[in-house]
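So the structure is just underneath, and the comments pick up after that.
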């Protein structure tokens with residue numbers, strides 16, 4: 001595993017070795033095999049319990065109804081890190097989606113294309129203990145609390161599948177990147193109005209205690225495709241600009257219209 005010098009685990013050889021073992025299991029995985037079982041350390045279990053408690057308080061205050069209902073169905077344990085395989089089986093029963101292990105970040109076409117087959121490629125490691133409320137890359141907390149909860153909801157699952165089908169249809173990288181940008185500002189960091197209040201619905205937002213406390217400080221814009229595609233973002237910082245749907249149905253219609261009509265020749269220009 002390669003870590004940048006500013007990664008929280010850069011100087012922790014034990015953590016790096018642990019991550020390397022998890023990655024090796026993912027790289028040897030083949031579809032149809034049982035998902036590898038990870039031996040999480042007690043320190044990692046403690047991170048899960050800490051973040052789970054933080055998130056539970058903030059979800060009650062900031063999460064939209066669709067997310068809360070899906071979280072109740074998924075019923076992730078609060079006292080231990082669930083194995084990716086057990087969460088995958090729960091999703092399969094609810095919506096037909098499955099998790100498959102990934103060693104780390106996945107290529108853009110591979111990641112989105114797999115969604116068309118009801119497959120979500122997910123990491124299995126846990127963030128470093130020195131920064132329990134932050135991870136510079138997707139970890140198990142993000143994958144299962146954020147995306148796993150989405151994929152336990154049929155309406156969200158249909159939207160994920162539409163993203164996959166759109167990317168499989170497109171041949172130009174520019175159009176695929178635009179689809180990815182829309183995914184970022186809706187599936188990852190989307191907002192929705194609910195009973196006159198702005199609620200979080202995105203996976204990244206709802207799996208981060210810090211983002212949930214910060215999102216009201218962002219510049220919040222209505223759903224607008226050219227603005228969304230042209231908006232820059234940084235993974236390492238709180239999002240300065242977010243986009244809000246008028247309702248969950250509005251979000252579904254917006255994504256449905258875009259993902260079923262986007263073509264390489266109709267790519268929306270960045271501004």
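Only the coordinates and a few stated rules stand behind these numbers; no lab work does. In this text, all values refer to a predicted model and were calculated from it rather than measured experimentally. When we count neighbours, we look across all protein chains shown, and the Cβ atoms used for this are built from the backbone with ideal geometry, even at glycine.
Relative to the dominant Cα principal axis of the chain, helix 84-94 is inclined by about 40°.
Rg/Rh for the range 13-266: what does it come to with C-alpha atoms and Rh from Kirkwood?
Details: Rg = 17.4 Å, Rh = 18.5 Å.
When Rh is taken as the Kirkwood radius, the ratio is 0.94.
In terms of the mean number of neighbouring beta-carbon atoms within 10 Å, the peptides 54-63, 151-160 order highest first as 151-160, 54-63. For the chain, the longest principal axis of the C-alpha atoms and the axis of helix 248-261 are separated by about 80°. Spin-label model, residue 214/residue 133: points 7 Å from Cα along the beta carbon direction are separated by 1.1 nm.
Which order do peptides 38-46, 19-27 fall in by mean Cβ count within 10 Å, highest first?
Values: 38-46: 14.9, 19-27: 16.6.
Going from most to least packed, we get 19-27, 38-46.
How far is helix 42-62 tilted off the main Cα axis of the chain, in degrees rounded to 10, range 0 to 90? Compared with the principal axis, the helix lies near 30 degrees. Provide the percentage of antiparallel DSSP beta bridges, counting only those with both residues in the chain; round to the nearest 5. Looking only at bridges with both residues in the chain, the antiparallel portion is about 25 percent.
Beta carbons within 10 angstrom, averaged per residue: use that to sort the peptides 80-87, 213-220, 139-146, highest first.
Numbers: 80-87: 18.8, 213-220: 14.5, 139-146: 23.2.
Result, highest mean Cβ count within 10 Å first: 139-146, 80-87, 213-220.
In what order do 99, 258, 131 fall by count of nearby beta-carbon atoms within 10 Å, going from fewest to most?
Working: 99 26, 258 21, 131 13.
With the sparsest Cβ surroundings first, the list reads 131, 258, 99.
Rounded if a/c is under 1.5, else prolate if a/b is larger than b/c, else oblate: which is the range 1-112, with a ≥ b ≥ c the root eigenvalues of its Cα gyration tensor? Note, shape of the range 1-112 comes out oblate.
What FRET efficiency would be calculated for the residue pair residue 247, residue 72, taking the C-beta separation as r and a Förster radius of 25 Å, to the nearest 0.05? Spell out each step's value before the answer.
Numbers: r = 21 Å, r/R0 = 0.83.
Calculated value: 0.75.
Computed from label points 7 Å out along Cα-Cβ, the spacing between residue 89 and residue 4 is 3.8 nm.
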